[in-house]
Amino acid sequence: MEIKKATVLTEELLEGKKYTKIRQILSEWNEVDIAAMLEELEKEEMLRIFRILPKDQAAAVFSYMDVDDEQFVITSLSDKDAAIIVDHLMADDAADLMDEMPANVVKRILTNASAETRRDVNSLLRYPEDSAGSIMTVEYVDLKESLTVTEAIARIRKVGLDSETINICYVLDNRRKLIGIVGLRQLLFSDNDEIIGDIMNGNVISVNTMTDQEEVAELFMKYDFTAMPVVDNEERLVGIITVDDVMDILEEETTEDIE
């Protein structure tokens, strides 16, 4: 359905207070399309729709909304409901949101958020603006080099749902130093008892947390990456940057050039 037609239908259902019907219709929609539709609504109507959505779907839609709309929604919700949305966001998206919000609002939201969310967001906010550390996410799959393929797949099943991507897993030694990568495809086609350290690719291209984001974007384009690891000064893995983050950077740079 076209966005304009969907907007008209949604407004009619809202007027009739047919909230269950709205929820049923939107459950079949892509989050990007829902976000686009919300932009066509009045602010109060947008907020009513947002409150109808299940929390996990609301968080997914939220990450595709315009910054101004994000701020309107998050400040209109109760501190508890706002914290639930932030808890469902990827850490980098949550940090970007908090970076744009007034300090008193951030404090209220993070006070009600989970300890894990507070830790991840505060960690990301400490990095300088435009650095790799400021745009990375801390949700990734790491594997010990001593794991077998069977053990590695079990770990992916355990932590993969909350990770930005599972296509590439990052192999660490006992000091969390990044020593290799292994693809999910390779794991699926390897023998169950093979050791990760034996099948990983040790030729890893990474960036430092302080690397400028424009340099990061250039590396993505040069090597056609979908994700890139971010390490600290001791080569310990602290996060990853994904291609969608880089697309945001390129869009910002293009806008600045035009202006």
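The values are calculated or read from the model by the stated rules, or taken from the named source; none is laboratory data. Predicted model only: the values in this text are computed from it and were never measured. With ideal geometry, Cβ positions are generated from the backbone for all residues, glycine too; neighbour counts draw on all protein chains shown. When the accessible area is computed, the model is the full protein with side chains, heavy atoms only, and any ligands, DNA or RNA have been set aside. Shrake-Rupley method; radii C 1.70, N 1.55, O 1.52, S 1.80 Å.
So, S123, is that one within 17 Å of the chain's Cα centre (by Cα), more than 30 Å from N201 (Cβ to Cβ) and surrounded by fewer than 19 Cβ atoms within 10 Å (Cβ to Cβ) or not? Criteria not met by S123. Restricted to segment 165-192, and to residues that are over 17 Å from T137 (Cα atoms) and among the basic types (K, R), which residue is least open to solvent (accessible area, probe 1.4 Å)? My answer is K177.
Conditions tested, residue by residue: (1) closer than 25 Å to A94 by Cα; (2) surrounded by 13 or more Cβ atoms within 10 Å (Cβ to Cβ).
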site	(1), (2)
K4	no, no
T7	no, yes
D56	yes, no
F62	yes, yes
V67	yes, no
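How many residues are small (G, A, S) and closer than 18 Å to D66 by Cα when one looks only at segment 19-51?
First, the residues of segment 19-51 that are small (G, A, S): 27, 35-36.
Pick out the ones that are also closer than 18 Å to D66 by Cα and you get 35-36.
Residues in segment 19-51 being small (G, A, S) and closer than 18 Å to D66 by Cα: 2 in total.
Sub-7 Å Cβ pairs linking a first residue in segment 171-189 that is part of a loop (DSSP other than H, G, I, E, B) to a second residue that is of a type in the set (A, V, I, L, M), at least 6 apart or interchain, are D173/I179; R176/L237, ordered by first then second residue. Does R118 fit the bill of being under 19 Å from the mean Cα position of the chain (by Cα), within 26 Å of V243 (Cβ to Cβ) and either free of Cβ contacts under 8 Å to residues at least 60 places away in the same chain or part of a helix (DSSP H, G or I) (or both)? Against the criterion (under 19 Å from the mean Cα position of the chain (by Cα), within 26 Å of V243 (Cβ to Cβ) and either free of Cβ contacts under 8 Å to residues at least 60 places away in the same chain or part of a helix (DSSP H, G or I) (or both)), R118 does not qualify.
This table checks each residue for (1) in contact with a Lys or Arg (Cβ under 9 Å, 6 or more places away or on another chain); (2) part of a helix (DSSP H, G or I); (3) touching a residue at least 60 places away in the same chain (Cβ under 8 Å); (4) of a type outside the set (F, W, Y).
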{"residue": "R23", "(1), (2), (3), (4)": "no, yes, no, yes"}
{"residue": "D33", "(1), (2), (3), (4)": "no, yes, no, yes"}
{"residue": "L38", "(1), (2), (3), (4)": "no, yes, no, yes"}
{"residue": "L41", "(1), (2), (3), (4)": "yes, no, no, yes"}
{"residue": "E44", "(1), (2), (3), (4)": "no, yes, no, yes"}
{"residue": "L47", "(1), (2), (3), (4)": "no, yes, no, yes"}
{"residue": "A60", "(1), (2), (3), (4)": "no, yes, no, yes"}
{"residue": "Y64", "(1), (2), (3), (4)": "no, no, no, no"}
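Annotation: of all residues in segment 153-164 being modelled with pLDDT under 95 and open to solvent by less than 40 Å² (accessible area, probe 1.4 Å), the one that is farthest from the chain's Cα centre (by Cα) is V159. Among residues of segment 193-213 being touching an Asp or Glu at 6+ places or on another chain (Cβ under 7 Å) and in a helix (DSSP H, G or I), the one that is surrounded by the fewest Cβ atoms within 10 Å (Cβ to Cβ) is G197.
Taken over segment 148-170, residues that are more than 25 Å from T209 (Cα to Cα) and either touching an Asp or Glu at 6+ places or on another chain (Cβ under 9 Å) or outside any helix (DSSP H, G or I) (or both) amount to 4.
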